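Take a look at the structure below.
The values are calculated or read from the model by the stated rules, or taken from the named source; none is laboratory data. Only a predicted model underlies this, so the values are computations on that prediction, with no experimental measurement involved. Because the Cβ atoms are built from the backbone with ideal geometry, glycine has one as well, and the counts that use them run over all protein chains shown.
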Amino acid sequence: MLGGGQLGRMFAMAARRSGYRIAMFGDPADSPCGQVSDHSSPGQFTDWDALAAFAERVSVVTYEQENIPVSTIEFLQSRVPVFPGPELLRASQNRLLEKTTLRSIGIPTADFLRITSPDELARGLETFGGAGILKTVTMGYDGKGQVKLSSANDCVDVWNRLGVTEAILERLVDFQFELSIVASRFGDGSCHFFAPALNHHVNHILDVSISPVELITDSLAGQAREMARGILEHFGVIGVLCVEFFATRDGRLLVNEIAPRPHNSGHLTIEACASSQFEQQFRAVCGLPSGDVRPRSAAVMINLLGDHLLEVTPDRWSSVFAMPDVYVHLYGKAEARIGRKMGHLTVLAADSRTAEQRAREARRALGFNGP
């Protein structure tokens, strides 16, 4: 596993349950993934000697985040199988390349323009009716590296604050809601799809994922599966990816972005499905057949950020652990910070409305005063 975060941790826990041994590269042994790995190799992703030694230790490599240099994947790929390959990673790291590629294979996205100066930004805003979202081309996640603009008067100041030489301006989408689908592709070319999830964000960070919901009609779910299939097949993916969408008010889906790995919105699959997104990941990269991804229950995942945990006392935790059908996942991070993902709760119930209500009650029981 390249990367030691919580996605690597949950992958390692799923794989170890089936008898696999895990080596992690990139982070210390006390990282979330390092805590549950058999071997940890702290190091830089451009330390070629360390990477070569890591490749000697393992049979197959995958990754849990997209900020790994493509050159790292290419270097390892010459020594050991790496899944997914470098092209999906390359596209997911660059918003312009990602959207251009998606458009080239017939998958719709929001309209966008390449921007290299304040003057181009002003002209782009005019093209998009006076408003848009300016984003860095690389290294943006959870709302970082993006600014919503509604006036050309701000162009010079915003451009200077962004501090880049290239950016992407996206047309504002009048969407009804956001959803995502986690999908997997195996060595035999077969594709498998979890049920789509409805996503609610707070301050650009995923807050709650719900599946199933009536808003996601059979038509929308079918669109999501076929778009995800097109992406999996175009990039020849072996492994797991997530596609995030905007659902427009006229019943269409636009791809917002892709993640070349399991995704926060798919965490509910750990309890809701026989084969979770992490089990699908290790099955795919290890050459095994797919597991059963059909939902066994309605489920809701609610994130636990540093904001929610700064003043939690043991008695509050006890009250949450006492709640039936509430599953607590903590990632083992040493320090709780505002906006930092520290864990999540998953709640199963007969219907999604009940599951969401119980999930929010469980988080409030920790002392959080929000919804």
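Here's the yes/no breakdown for (1) in the same structural domain as Arg57 (by TED's automatic domain parsing); (2) part of a loop (DSSP other than H, G, I, E, B):
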position: Ile73; (1), (2): yes, no
position: Leu76; (1), (2): yes, no
position: Ala122; (1), (2): no, no
position: Gly130; (1), (2): no, yes
position: Lys135; (1), (2): no, no
Q. In region 62-100, what residues are buried (at least 18 other Cβ atoms within 10 Å of the Cβ) and touching a Pro at 6+ places or on another chain (Cβ under 7 Å)?
A. Glu66, Ile73, Pro84, Leu88, Leu89, Ser92
Q) Counting only residues that are in contact with a helix residue (DSSP H, G or I) (Cβ under 9 Å, 6 or more places away or on another chain) and part of a loop (DSSP other than H, G, I, E, B), which one in region 214-239 is surrounded by the fewest Cβ atoms within 10 Å (Cβ to Cβ)? A) Glu214
(Q) Looking only at region 288-319, how many residues end up being part of a loop (DSSP other than H, G, I, E, B), closer than 27 Å to Arg185 by Cβ and not β-branched (Val, Ile, Thr)? (A) 8
Q) Is it true that some residue in region 105-117 is under 30 Å from Ile238 (Cα atoms) and without any contact (Cβ under 8 Å) to a residue 60 or more places away in the chain? A) yes
**Q.** Within region 170-200, considering residues that are among the small types (Gly, Ala, Ser) and crowded, with 17+ Cβ neighbours inside 10 Å, the one nearest to Gly124 (Cα to Cα)
**A.** Ser180
(Q) Among (1) more than 24 Å from the chain's Cα centre (by Cα); (2) of a type in the set (Val, Ile, Thr); (3) part of a strand (DSSP E or B), there is one condition Ile168 misses while meeting the rest; what is its number? (A) (1)
Q) Is at least one residue of region 258-265 closer than 30 Å to Arg103 by Cα, in contact with a strand residue (DSSP E or B) (Cβ under 7 Å, 6 or more places away or on another chain) and part of a strand (DSSP E or B)? A) yes
Q.
Please go through region 138-157 and give me each residue that is in contact with a strand residue (DSSP E or B) (Cβ under 7 Å, 6 or more places away or on another chain) and modelled with pLDDT under 85, ordered by number.
A. Gly140, Asp142, Gly143, Gly145
Q: Sort out which residues of region 121-130 are in contact with a helix residue (DSSP H, G or I) (Cβ under 7 Å, 6 or more places away or on another chain) and small (Gly, Ala, Ser), and write them in order of number.
A: Ala122
Q | Members of region 266-287 found to be surrounded by fewer than 24 Cβ atoms within 10 Å (Cβ to Cβ), touching a residue at least 40 places away in the same chain (Cβ under 8 Å) and part of a loop (DSSP other than H, G, I, E, B), listed by number | A | Cys286, Gly287
Q.
Between a residue in region 148-165 that is closer than 15 Å to Lys135 by Cα and any residue that is small (Gly, Ala, Ser), which pairs come within a Cβ distance under 6 Å, given they are 6 or more apart or on different chains?
A. Leu149/Gly132; Ser150/Ala131; Cys155/Ala122
